[in-house]
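Participant: I am attaching a structure below and will ask some questions about it afterwards.
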């Protein structure tokens, strides 16, 4: 009889299903509790705010993402475990099945059972929904699609990682590190650079976050809604999931290519592909420099009252120590021996020299990061934060003025560093002012900078004055207060005045319904147009024209100005005007130069106290329902 080789082996497929049934069973039980059982329990509680579709899609995103991340590698570890021992891999490779067939058989046995489990949970949830009177089919179909794509990516990527490694421990390490490496490296690299690079902030957004799938799914996609009654929920990251699903197939294909060239003798090796061993040695050296180096620096210097501000030396030393551990531990794992220092020290020396060159390049600003100023024409908007005052500008003139203040802050570096060295860090915030800029450029990029100024230094006080002037130019004030300027009197439900009188008693007054137009248009909006209301105070000086009074002018707006409200009803606590259960509010405080507004308030017997605590315009926010 003629022997044949096969691309699929039914016996191995069934054996995998039977042998690893605890893996699939655990996955199925967890999702059964998380989907049909939890859904029925929450529905039967009669919570009016509970949304079935929101829960189902959220389950697919969050529980599905975590479960796919975990069971993707567990499944790959199970079905490809024969590659981790010499005897087992030798036995499998003597079977009349091509390597392509072995891979396809094992890959399908791992993925198909995940798919079968998903279909089982889908059916049970659909039946549960029918029994308790829920319409869940449409949401469940989306749930199934999301889960299959998540399974496909993480299992495909785990299968790829299997082909790179020779034992289970290495698989878990490589899989976990590569899934999170990009955001870990980017965030820690930003932290390390921000320690000694003037003005640079670590930030909390990631340029390359899409290369860390579990982060991207958990924190950059979400279940969103449209409409109000009823709300329609949808998942806004379906295109991202489709890309990840396709990437999972590509990783599986790449795994086949690697498997065809993988040596059977690589079983039990930390890295199974010889050509990649040097790469991973330097990769874990860099990883150790960032992770352990940041940890060492925080422990040694973070709690100290003094550290060498502006110097990259302590951070470089800590990173070199972390790189030493990462490099030589990886070398020991690769060689399965502690005797690696003589044969690998030259490589570490080259790595250390490269690290020092890179850190010194940041120290001396070779890349121009400290001196960078965006072109005003390239900026779409500028968000700022200083002394409790925060806002956003999109007016070109206002942005250009703020960029000029940014130029002064950059030039202030020597003054800042000399004062921190002299004072230490214990009282760095005692008499200081933090200034943050976040530019959103028209090309979609974001640039963030942060600086500290000391009020008791003459040059710093001059910069604070320039900054305050830029924030309070007529263009900046109108731009910052554009939400109020865009309103019409008929949009306003009510206006309350919350203040403290001369006896320090808290009081509340309301503008009468008949006077809303006069007060709102002729006083509030008129003062804003003149640049006299909504000014920001950065200097603690009660005589400063930008100082704000203790009278909060709160403007109540309807959630939807087309809502049908009864004009005879009253707003909370007896306010004249209309009533609506859900509203938006805008609060603004008068400045010492808000002549029209202050004159109206004084006619009402309200004399705002201009104290030392600066207050500022607060943008539209939703009040509690």
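Coordinate-derived values only; no laboratory data. Note that the coordinates shown come from a computational prediction; the quantities given were computed from them, not determined experimentally. Using ideal geometry, Cβ is built from the backbone for each residue, glycine included, and neighbour counts are taken over all protein chains shown.
Participant: Could you please rank 337, 268, placing first whichever residue has the fewest other Cβ atoms within 10 Å of its Cβ?
Facilitator: Arranged by neighbour count, lowest to highest, 337, 268 become 337, 268.
Participant: While we're on this one: Rounded to the nearest 10 degrees, what's the angle between the helix 10-19 long axis and the longest principal axis of the chain, both from Cα atoms, 0 to 90?
Facilitator: 60
Participant: So what's the projected area for region 376-479, the Cα convex hull averaged over all directions, in nm²?
Facilitator: Spelled out: convex hull of the Cα atoms, projected over all directions, averaged, 6.5 nm².
Participant: For region 123-147 and region 152-201, write down the distance between their C-alpha centroids in whole Å.
Facilitator: First find each Cα centre; the distance between them is then 36 Å.
Participant: Oh, and also: Only helical DSSP H runs with n ≥ 4 go in: add -39500 (n - 2.57) per run for the chain, normalise by residue count and round the 222 nm mean residue ellipticity to 500 deg cm²/dmol.
Facilitator: My calculation for the chain gives -16500 deg cm²/dmol from helical runs alone.
Participant: May I ask you to compute the full-extension gain from residue 404 to residue 275, defined as 0.36 nm times their residue separation minus their alpha-carbon distance, rounded to one decimal in nm?
Facilitator: 41.2 nm
Participant: Taking neighbour Cβ counts within 10 Å as the exposure measure, how do 263, 406 sort from fewest upward?
Facilitator: Least crowded to most crowded, the residues run 263, 406.
Participant: Roughly what angle does helix 274-297 make with the longest principal axis of the chain, taking Cα atoms, 0 to 90 degrees, to the nearest 10?
Facilitator: Here the helix axis deviates by roughly 30 degrees.
Participant: Moving on to the next point. Just rank 115, 188, fewest to most, by other beta-carbon atoms within 10 angstrom.
Facilitator: Ascending Cβ contact count within 10 Å gives the list 115, 188.
Participant: Between residue 515 and residue 469, what FRET efficiency follows from the Cβ-Cβ distance if R0 is 35 Å, with the result rounded to 0.05?
Facilitator: Efficiency, rounded to the nearest 0.05: 0.55.
Participant: Let me ask something else about it. Once you keep just the Cα pairs under 8 angstrom separated by 6 or more residues, what percentage relative contact order results for the chain?
Facilitator: Computed value for the chain: 10 percent relative contact order.
Participant: Rounded to the nearest 0.05, what FRET efficiency is calculated for residue 108 and residue 380 with R0 set to 41 Å and r the Cβ-Cβ distance?
Facilitator: For R0 = 41 Å, the calculated efficiency reads 0.25.
Participant: Sticking with this one: Mind pulling the angle between the C-alpha long axis of helix 137-164 and the longest principal axis of the chain? Nearest 10 degrees, somewhere in 0 to 90.
Facilitator: So the helix axis and the longest Cα principal axis differ by about 60 degrees.
Participant: By how many nm would the segment from residue 353 to residue 506 grow when fully extended, if each residue of separation counts as 0.36 nm and the alpha-carbon distance is taken off?
Facilitator: Result: 48.6 nm gained on full extension.
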